[in-house]
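Take a look at the structure below.
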Amino acid sequence: LGAARRARLPPGEMGWPLVGGMWAFLRAFKSGKPDAFIASFVWRFGRTGVYRSFMFSSPTVLVTTAEGCKQVLMDDDAFVTGWPKATVALVGPRSFVAMPYDEHRRIRKLTAAPINGFDALTGYLPFIDRTVTSSLRAWADHGGSVEFLTELRRMTFKIIVQIFLGGADQATTRALERSYTELNYGMRAMAINLPGFAYRGALRARRRLVAVLQGVLDERRAARAKGVSGGGVDMMDRLIEAQDERGRRLDDDEIIDVLVMYLNAGHESSGHITMWATVFLQENPDMFARAKAEQEAIMRSIPSSQQGLTLRDFRKMEYLSQVIDETLRLVNISFVSFRQATRDVFVNGYLIPKGWKVQLWYRSVHMDPQVYPDPTKFDPSRWEGHSPRAGTFL
């Protein structure tokens, strides 16, 4: 970098050769005290909001303030996605984690309406309603204890498979579910492809996932060639049909990588957040009673002629929304995201050199007492009438 540029780097240390700060990072998370990693930088170097280290095999700047995160996220000229090699290899080089900006925007636009649009959500609600109800009954009828997170992930996976693959058969669903469990162990691991390391097992899991999805895709293409319709249209159908203004269609690799990404994001985070929201409500009986009373009031307001819940009913769930936002703040599943500098750029007065990786520590923002008073306390009421400033709720 040269002496002048080195002098403008954030404080920090690059750690051991090759390993860098990864041992400290992994030790903090294995200990159940994830904030200890960033806390060690603050204790040694002060509250500068940006620090340098060597993470996931790259020189990296850690950004831990709301203003810094906002700057990096909003500046698409100075920063592009910069996920670790392990994540790109496992989710796929044609997925959002590695796409150029223009392609990312095109695919996101293509897939957003079928997932989040009013018509799409209205169509998904009856299946979600039935799946949750049948799952609760099955757990109640089990006769003993159940492993709650495992069952929640199974339930959310069933829902996401319905949305993206039109409800694949049970054998396909189970094969996908097993592979995703193994894939997630290696998602943020060090990219060490040796026996016994999580990354190696995750690579195997990805190959199995690709094989299953390719099989479903081949069946769809063959059926379409024969003019056979499977009934409803799911996300795979929409991706097969999609074409840009020049008539270019997505190839199989693009479709599979987008599906690998969405299927994983759609069930893993949902299952974990549902678990934590349940835990927090169990630990706070007064909040549980208030959330339950709101639900019962909504149920009483539903006319007898209505089948199941509607989006109008969901919009009445004001307190439950506060519970969910507070859960997302306190237990952010995406605790960190990754960018890469395309040119020399300054954040908080410190240099991020061109080509360096940037880690945005959302969790540090959410646990900052200057942003959220008493941050370790679970307090849904902090969201009552509160609209968070840009960059403070990530």
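The values are calculated or read from the model by the stated rules, or taken from the named source; none is laboratory data. Only a predicted model underlies this, so the values are computations on that prediction, with no experimental measurement involved. Note that each Cβ is placed from the backbone with ideal geometry, even for glycine, and that neighbours are counted across all protein chains shown. Only protein heavy atoms, including side chains, enter the accessible area calculation; ligands, DNA and RNA are left aside. Shrake-Rupley method; radii C 1.70, N 1.55, O 1.52, S 1.80 Å.
Surrounded by 19 or more Cβ atoms within 10 Å (Cβ to Cβ), in a helix (DSSP H, G or I) and charged (D, E, K, R): does that describe Glu268?
It is true that Glu268 is surrounded by 19 or more Cβ atoms within 10 Å (Cβ to Cβ), in a helix (DSSP H, G or I) and charged (D, E, K, R).
Among the residues of the stretch 326-375, which ones are of a type in the set (Val, Ile, Thr) and touching a residue at least 40 places away in the same chain (Cβ under 8 Å)? Break it down into steps so the answer makes sense when it comes.
As a first pass, look at the stretch 326-375 and keep what is of a type in the set (Val, Ile, Thr): 327, 331, 333, 336, 342, 345, 347, 352, 358, 365, 371.
Across the stretch 326-375, the qualifying residues are Thr327, Val331, Ile333, Thr342, Val345, Val347, Ile352, Val358, Val365, Val371.
Could you tell me which of the residues Arg246, Arg208 is basic (Lys, Arg), free of Cβ contacts under 8 Å to residues at least 40 places away in the same chain, more than 21 Å from Ile159 (Cβ to Cβ) and in a loop (DSSP other than H, G, I, E, B)?
Matching residue, one of Arg246, Arg208: Arg246.
Residue-wise test of (1) in the same structural domain as Asp218 (by the TED database); (2) among the hydrophobic types (A, V, I, L, M, F, W, C).
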{"position": "Arg249", "(1), (2)": "yes, no"}
{"position": "Glu254", "(1), (2)": "yes, no"}
{"position": "His272", "(1), (2)": "no, no"}
{"position": "Gln282", "(1), (2)": "no, no"}
{"position": "Val323", "(1), (2)": "no, yes"}
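Only one of these is touching a Lys or Arg at 6+ places or on another chain (Cβ under 8 Å), open to solvent by 20 Å² or more (accessible area, probe 1.4 Å) and in a helix (DSSP H, G or I): Asp253, Asp286, Asp257. Name it.
One residue alone meets the criteria, Asp253.
Just to be sure, is Ala120 of a type in the set (A, V, I, L, M, F, W, C) and open to solvent by 60 Å² or more (accessible area, probe 1.4 Å)?
no
Taking into account only those residues within the stretch 212-232 that are among the aliphatic types (A, V, I, L, M) and more than 15 Å from Leu259 (Cα to Cα), which is modelled with the lowest pLDDT? Walk me through it before giving the result.
Pass one, the stretch 212-232, residues among the aliphatic types (A, V, I, L, M): 212-213, 216-217, 222-223, 225, 228.
After this cut, where a residue has to be more than 15 Å from Leu259 (Cα to Cα) as well, the list is 222-223, 225, 228.
On the way: Ala222: 88, Ala223: 84, Ala225: 83, Val228: 74.
This residue is Val228.
Determine whether Val72 is modelled with pLDDT of 85 or more, farther than 21 Å from Val279 by Cα and open to solvent by less than 20 Å² (accessible area, probe 1.4 Å). Give the derivation first.
Values: modelled with pLDDT of 85 or more: yes; farther than 21 Å from Val279 by Cα: yes; open to solvent by less than 20 Å² (accessible area, probe 1.4 Å): yes.
It is true that Val72 is modelled with pLDDT of 85 or more, farther than 21 Å from Val279 by Cα and open to solvent by less than 20 Å² (accessible area, probe 1.4 Å).
On the given criteria, is Leu213 in a helix (DSSP H, G or I), touching a helix residue (DSSP H, G or I) at 6+ places or on another chain (Cβ under 7 Å) and buried (at least 18 other Cβ atoms within 10 Å of the Cβ)?
Yes; evaluated as a whole, the condition is true for this residue.
Of the residues that sit in the stretch 361-374 and are in contact with a helix residue (DSSP H, G or I) (Cβ under 7 Å, 6 or more places away or on another chain) and assigned to a loop (DSSP other than H, G, I, E, B), which one is modelled with the highest pLDDT?
Within the stretch 361-374, the match that is modelled with the highest pLDDT is Tyr372.
Which one of the conditions (1) open to solvent by 40 Å² or more (accessible area, probe 1.4 Å); (2) within 30 Å of Phe164 (Cα to Cα) does Arg6 fail to meet, given that it meets all the rest?
(2)
Could you figure out which of (1) under 13 Å from Gln162 (Cβ atoms); (2) in a loop (DSSP other than H, G, I, E, B) isn't true of Gly144?
(1)
Just give me the residues in the stretch 307-360 being open to solvent by 20 Å² or more (accessible area, probe 1.4 Å) and assigned to a strand (DSSP E or B), in sequence order.
Within the stretch 307-360, Arg339, Gln340, Phe346, Tyr350, Lys357 qualify.
Right, Arg224: in a helix (DSSP H, G or I), open to solvent by 20 Å² or more (accessible area, probe 1.4 Å), of a type in the set (Lys, Arg) and farther than 29 Å from Val132 by Cα or not?
It is true that Arg224 is in a helix (DSSP H, G or I), open to solvent by 20 Å² or more (accessible area, probe 1.4 Å), of a type in the set (Lys, Arg) and farther than 29 Å from Val132 by Cα.
Are any residues in the stretch 173-205 open to solvent by 40 Å² or more (accessible area, probe 1.4 Å), within 13 Å of Thr87 (Cα to Cα) and at pLDDT 90 or above, and if so, which ones?
Arg200
Quick test for you: out of Thr122, Thr156, pick the one residue that is assigned by the TED database to the domain that holds Glu177, in contact with a Gly (Cβ under 7 Å, 6 or more places away or on another chain) and either under 25 Å from Arg178 (Cβ atoms) or touching a residue at least 12 places away in the same chain (Cβ under 8 Å) (or both). Reasoning before the result, please.
Working: Thr122 fails: in contact with a Gly (Cβ under 7 Å, 6 or more places away or on another chain).
From the options Thr122, Thr156, the qualifying one is Thr156.
Can you name the residue in the stretch 171-205 that is assigned to a helix (DSSP H, G or I) and basic (Lys, Arg) and is also farthest from Ile160 (Cα to Cα) among such residues?
Arg200
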